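A short write-up of the structure that comes next.
The values are calculated or read from the model by the stated rules, or taken from the named source; none is laboratory data. The structure displayed is predicted, hence computed values, not measured ones. When we count neighbours, we look across all protein chains shown, and the Cβ atoms used for this are built from the backbone with ideal geometry, even at glycine. To get the accessible areas, we keep the full protein, side chains included, count just its heavy atoms, and leave off ligands, DNA and RNA. Shrake-Rupley method; radii C 1.70, N 1.55, O 1.52, S 1.80 Å.
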Amino acid sequence: GSVPPTDAVYIQIDIDPAELGRSVPARIPVLGDVRAVLDQLLAALPPGPDTPLADRPRVRELAERLAEVERRAAELAAAADRPIHPVRVIRAARAVFPRETTYGVDVGVLAQHIGGAFPFFRVFEARSTIDPSSFYGMGFVTSAMPVARIAHRDRPALCLTGDGSFQMVSTVLPVATANRLAVTWAVLNDRALGSIRDIQQHVYGGRIRDTEFAYQPDIAALARACGCHGERVEDPADVQGALERALKANKDGRSAVLDFQVAPVRLAQTREHYTSTYPVDEEAP
C-alpha cells in the first residue's frame, strides 16, 4: 500500500502553525505543545471501563505489535553478516553514546530511511536532533555537526551519514580539528548514491547511471590526515569497539570518522514503494 496510507485519519499536534499539514495533510490539526495537549486529552477522557488500560484489547494489540517491531530490530542488530547490516551500527551507536547526545541524520537512503526511523535510534532529549530537509539538503547535517558542540559543549555529537553526503562536505574535518569541536561521524558506506540508485533500479529498469562509486577515497585515511581519529570497520564484531574508541577520542578533544562497510539493505525494497511516488518508465527494459 501507499506510505502513508491514504485512508488513515491524521491528527497532527505541533507548536509551529507552519508545520501543520506540511508533510502529510492533517485531518485534525492541533496547534500547541504536545506535552500540554496530551495532558489535556487525558484529562478530558471520560472514565473508562473497569478493565485496566493495559488489558484493553486495542492497547494489548498495539503493545504486541511494538514488541514484534522491537524483536525484529534486535534481530537485525545482532546479525553477523558481512557487509555489516546498518541496523547493527545504529543500535550500537545508541548503546554507546549517552542519551543526551546531539544526534544528526544526513541525507542517504541508509542513514535517513533506517537511522532516522523509530525504533532503531531512539531520541530522548528535546533539541537534540539535526535532520535534513529531504534530499535537497544533502551534506548539510554532516557539515553542521561541529556547531552542535558550540551550542551544547557538554553533549557529545554523533552523525549518521551516507558515503555520498560525507564526500560532498569532508572539508569540515580540518575545521572541526582546528577548533577542537569533537564530533563522531558514522559513515554508512554502501559505495553508492543509494537513494537515487534505488529509483534507477526499480523505476527505470535497472539502468544504473553514475550512482555507484567505481572509486572511492580511503575515508579513514582522509580523516587521519585531517587530524581526526579514523577507522574502517568491516567486521560486525568490531562495531561497538570502534564506536567506543570514537567516543573516547571525542572526550580527548579529537573528532572521529568511522567508515562502516555496510550492506545496501532497505526498509522497503519493493518496486511498488518507488512507483507509488515516481512515474514508471514503461519503455525501460
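Figures for the structure shown
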| quantity | calculated |
| --- | --- |
| Rounded if a/c under 1.5, otherwise prolate or oblate - the range 128-204, Cα gyration tensor axes | prolate |
| Cβ-derived FRET efficiency at R0 25 Å, Glu244 paired with Val147, nearest 0.05 | 0.50 |
| Cut-off under 5 Å, modelled amide H: who pairs with Val233 long-range | Asp259, Phe260, Gln261 |
| Ranked order, Tyr204, Tyr103 - accessible area, probe 1.4 Å, largest first | Tyr204, Tyr103 |
| Built amide H within the under 5 Å cut-off of Gln12, gap 5+ | Ile28, Val30 |
| Relative packing of peptides 13-20, 257-264 - highest average C-beta neighbours within 10 Å first | 257-264, 13-20 |
| Relative contact order of the range 143-231, defined on C-alpha pairs under 8 angstrom at six or more residues apart (%) | 26 percent |
| Accessible area of the range 207-269 belonging to carbon and sulfur atoms, whole % at 1.4 Å probe | 48 percent |
| His85 accessible area, assembled protein chains, probe 1.4 Å, Å² | 30 Å² |
| Sparsely packed trypsin sites (Lys or Arg not before Pro) within the range 1-108, loop by DSSP, other Cβ within 10 Å at most 13 | Arg22, Arg27, Arg99 |
| Modelled FRET efficiency - R0 35 Å, Ala178 with Ala80, Cβ distances, 0.05 increments | 0.35 |
| The range 163-218 and the range 33-77: distance between their alpha carbon centers, rounded to Å | 38 Å |
| Coil-residue trypsin sites (Lys or Arg not before Pro) of the range 154-230, DSSP, other Cβ within 10 Å capped at 10 | Arg209 |
